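The values are calculated or read from the model by the stated rules, or taken from the named source; none is laboratory data. Since the structure is predicted, the reported quantities are computational estimates derived from the model, not experimental observations. Because the Cβ atoms are built from the backbone with ideal geometry, glycine has one as well, and the counts that use them run over all protein chains shown. Remember, those area values only see protein heavy atoms, side chains included, never the ligands or the DNA or RNA. Shrake-Rupley method; radii C 1.70, N 1.55, O 1.52, S 1.80 Å.
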Amino acid sequence: MTIPLACQEQLLPGSDLIQKYALATALGYHAIELRGRGDLAFARRLPELRRARAAGVVLPTVCVEMDHFIGDFDPVRSRDAVRNLRSQLSVIAELGGVGAMTPAAWGMFSRRLPPFEPPRTPAGDRQVLVDALGELGEHARAEGVVLFLEPLNRYEDHMVNRLDQAVALCAAVGLPSVRVVADTFHMNIEEDDPHRALRAAAPYLGHVQVSDSNRYQPGAGHLDWPAIIRTLLEIDYRGWLALECRLRGDPVRALQQAATVLRHALPRPRAVA
C-alpha cells in the first residue's frame, strides 16, 4: 500500500492548472489541492476547473482560504463561511473530488494575548461549530463528498487545536461526511505524541496536510517523516498527503525535495514475480 501525494496550487509555478499539473507530476505528485476563496470565488472558477479536469488534472480537495470561518463570533460572518463552504463542496463534487476542508477559525482570537478570555463561552463555541458542521455535513452527504475539519495551533485558533477535539466534534455531529484533517505542522506544536494522536483519530481521519516543523517543505525541518508515514500505514490511512507549506529556496527544487522526502518515506511497491 502507498499514499498518493498532492501539492497545493499556489506552490506550483505555471500559468494555469494544466501547466502546474504537468510540473507536479514530473516532480512526483499525483494531484493538485485547490484553494477556495470567499465571495463564492471558487464557484466562479468552474469554467477553468472544468477545462483542467477535462485535460486530466486530478483535483481531489479544496482548502478554504478566507478571512472568516464557521466559528466566527459574528453570526453573519459565520453564515457567510457556511455559504461559501456549501458552494465549495458542490464544486468539488462536480469535479469528482473528495471534499473541502476548513478550520473552526483562523486568527480570530488567541488566549495567549490580552484579553485572554474570548467573548463566547466554550459551550457557545461548541454549539456554533456543531450547528455549522451538521449543516455542512448534510450538504456534503447529499453531494457525495466530505467536509474535513482541521485543528490549528493555539496561536491561530482558540477552539480546536488537537485531533481529539476535532474528533469529538465529528462524533457529536454523527455524520460519515464530516471527518478530520491532520496537519503535521500544527500537530508538531499541539500533540503530546503525534503518533498516538493519529492512531486515536484513525476512525475519523480523512485527510492529511504536510509541512515540516518550521512550516517549510518536508525535509527543511526536524520531523521524522518515515515514522509519520509508518504510523499512517499502520492505521490503514486511505486518503491523500497534501503539501501545504512555505517553500524555502528555489520553488521547483523545494517542491522536488518535499516529494523526494515523502516518497522515500513511503514503502516501495513489491515487484511482481
Note to self: Calculate the FRET efficiency for Asp193 and Tyr155 from the Cβ-Cβ distance with a Förster distance of 30 Å, rounded to the nearest 0.05.
What the structure shows: 0.90
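Around Leu34, what is the net charge, scoring Lys/Arg as +1 and Asp/Glu as -1 over all other residues with Cβ under 12 Å from its Cβ?
0
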Notebook entry, point to check: What are the semi-axes of the equivalent ellipsoid for the stretch 38-129, taken as the square roots of 5 times the Cα gyration tensor eigenvalues, largest first, in whole Å?
Noted result: 32, 12, 11
Check: Hey, any idea what % of the chain's accessible area is carbon plus sulfur with a 1.4 Å probe?
Finding: 53
Notebook entry, point to check: Put +1 on the Cβ of each Lys and Arg and -1 on the Cβ of each Asp and Glu in the stretch 5-265; which of Ala41, Leu136, Pro203 then has its Cα farthest toward the positive end of the dipole?
Noted result: Ala41
Check: On the first, second and third principal axes, largest extent first, how far apart are the outermost C-alpha atoms of the stretch 5-265 in Å?
Finding: 49, 41, 35
Note to self: At R0 = 35 Å, how high is the FRET efficiency between Ala123 and Thr2 if r is their beta carbon distance? Nearest 0.05 is fine.
What the structure shows: 0.25
Margin query: Under a crude label model (7 Å from the Cα following the beta-carbon direction), how far is Arg111 from Arg238 in nanometres?
Written below: 3.6
Note to self: Explain nothing, just compute: Karplus ³J(HN,Hα) = 6.51 cos²θ - 1.76 cosθ + 1.60, θ = phi - 60°, for every residue of the stretch 174-186 in order, whole Hz, x for Gly and Pro.
What the structure shows: x, 10, x, 8, 10, 9, 10, 9, 9, 10, 5, 5, 5
Next item on the list: Please list 113-119, 46-52 highest first by mean number of surrounding beta-carbon atoms within 10 Å per residue.
Entry: 46-52, 113-119
Check: Based on DSSP H runs of at least 4 residues, each adding -39500 (n - 2.57), what is the mean residue ellipticity at 222 nm of the chain after dividing by all its residues, to the nearest 500 deg cm²/dmol?
Finding: -13000 deg cm²/dmol
Item checked: For peptides 133-139, 221-227, sequence by mean Cβ density within 10 Å, most packed first -> 133-139, 221-227
Notebook entry, point to check: How long is the gain from His264 to Arg215 if the chain were fully straight, where each residue apart is worth 0.36 nm and the alpha carbon distance is subtracted?
Noted result: 15.6 nm
Next item on the list: Treat every Asp and Glu Cβ in the chain as -1 and every Lys and Arg Cβ as +1, leave all other atoms uncharged, and give the resulting dipole magnitude about the Cα centre to the nearest 20 debye.
Entry: 680
Next item on the list: Mind checking the full-extension length gain between Val252 and Asp74? Use 0.36 nm per residue of separation minus the Cα-Cα distance, one decimal, nm.
Entry: 60.0 nm
Checklist line | Candidates per trypsin sites (Lys or Arg not before Pro) in the stretch 183-273, loop by DSSP, up to 14 other Cβ within 10 Å | finding: Arg238, Arg270
Next item on the list: Using a cut-off of 13 Å between beta-carbons, work out the net charge of the residues near His158 (Lys and Arg +1, Asp and Glu -1, His158 not included).
Entry: 0
Item checked: Net +/- balance of residues flanking Asn84 in space, Cβ distance below 9 Å, scoring K and R +1, D and E -1 -> +1
